[in-house]
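Inspection log for the structure reproduced underneath, given as structure tokens.
The values are calculated or read from the model by the stated rules, or taken from the named source; none is laboratory data. Keep in mind that this is a model prediction, so the values were computed, not measured. Note: ideal-geometry Cβ built from the backbone for every residue, glycine included; neighbour counts use all protein chains shown.
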């Protein structure tokens, strides 16, 4: 078991804000060789991203608590669980994944009042909380969540399907989200994340539109020179 220097809100607060954060989606790891891939990315990742899906809110099933608990024992880096589940189970699943080792649980705004309760529960249980939106949901749906979250994630593709191209709406939606964060007085406190459609040619656009992190899948795991990839990522500048 690897000891984590920080966990929960402290780990999320310690993420770098002077460059693009390296957030790695473990959905793109070799799931039969997860420990090997975790070792490969440990020196490069700032944050591990784990998608959870119930095959109702999304098309298929994804990671479960026992696997997250195993991953948590193999890394010193914080774990971000993106919880793509129906409102009826979102609070219970928030508890299960925090008990498994999640430092940050991101809840869909589409879960409504249950999502707001799940955000509060995450913080009560000693984890950090975030809010995430489907591509089809108006950006202002994040507003009720802004007082209590440390992450806002916007999907730039349809939910739960790999390999899609970035929507032309993705960058304007990031700009709109940042304006809402600023209006709420929380721009400096919240990390703005782009998830989906992350390619070599799209990351600079998302960074310029205000993303503090992009959720990298094949862009990271498929690159034979990961160190060079991260130098490139860290060098991308936000819009002035």
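Please count how many residues of segment 95-132 are outside any strand (DSSP E or B) and within 21 Å of residue 75 (Cβ to Cβ).
Within segment 95-132, residues that are outside any strand (DSSP E or B) and within 21 Å of residue 75 (Cβ to Cβ) number 12.
Quick one: how many residues across segment 143-183 are on the phi > 0 side of the Ramachandran plot and surrounded by 15 or more Cβ atoms within 10 Å (Cβ to Cβ)?
Total meeting the criteria: 1.
In segment 216-228, what residues are in a helix (DSSP H, G or I), touching a residue at least 40 places away in the same chain (Cβ under 8 Å) and under 19 Å from the mean Cα position of the chain (by Cα)?
218, 220, 221
Please verify whether segment 147-168 includes one or more residues that are under 28 Å from residue 119 (Cα atoms), assigned to a loop (DSSP other than H, G, I, E, B), at pLDDT below 95 and in contact with a strand residue (DSSP E or B) (Cβ under 7 Å, 6 or more places away or on another chain).
yes
Between 112, 130, which is on the phi > 0 side of the Ramachandran plot and at pLDDT 95 or above? Before the answer, list the steps.
On the way: 130 fails: on the phi > 0 side of the Ramachandran plot.
Going through 112, 130 in turn, just one is on the phi > 0 side of the Ramachandran plot and at pLDDT 95 or above: 112.
Filter segment 78-89 for residues that are crowded, with 23+ Cβ neighbours inside 10 Å, without any contact (Cβ under 8 Å) to a residue 60 or more places away in the chain and either over 18 Å from residue 159 (Cα atoms) or more than 16 Å from the chain's Cα centre (by Cα) (or both) and give the result.
79
Please enumerate the residues belonging to segment 200-215 that are in a loop (DSSP other than H, G, I, E, B) and either over 16 Å from the mean Cα position of the chain (by Cα) or under 18 Å from residue 128 (Cα atoms) (or both).
200, 201, 202, 209, 212
Checking residue 26 against (1) modelled with pLDDT of 95 or more; (2) over 21 Å from residue 211 (Cα atoms), only one condition comes out false. Which one?
It fails just one condition, (2).
Is segment 184-199 home to any residue that is surrounded by fewer than 21 Cβ atoms within 10 Å (Cβ to Cβ), within 24 Å of residue 114 (Cα to Cα) and over 19 Å from the mean Cα position of the chain (by Cα)?
Within segment 184-199 (the criterion being surrounded by fewer than 21 Cβ atoms within 10 Å (Cβ to Cβ), within 24 Å of residue 114 (Cα to Cα) and over 19 Å from the mean Cα position of the chain (by Cα)), the answer is yes, since at least one residue qualifies.
So residue 140 ticks every box in (1) part of a loop (DSSP other than H, G, I, E, B); (2) touching a residue at least 40 places away in the same chain (Cβ under 8 Å); (3) surrounded by fewer than 15 Cβ atoms within 10 Å (Cβ to Cβ) but one. Which box is left unticked?
(1) is the only condition that residue 140 fails.
Tell me which residues, restricted to segment 24-41, are in contact with a strand residue (DSSP E or B) (Cβ under 7 Å, 6 or more places away or on another chain) and in contact (Cβ under 8 Å) with a residue 60 or more places away in the chain.
Matches in segment 24-41: 24, 25, 27, 41.
Can you tell me which residue among 50, 21 is within 17 Å of residue 101 (Cβ to Cβ), in contact (Cβ under 8 Å) with a residue 24 or more places away in the chain and under 14 Å from the mean Cα position of the chain (by Cα)?
50
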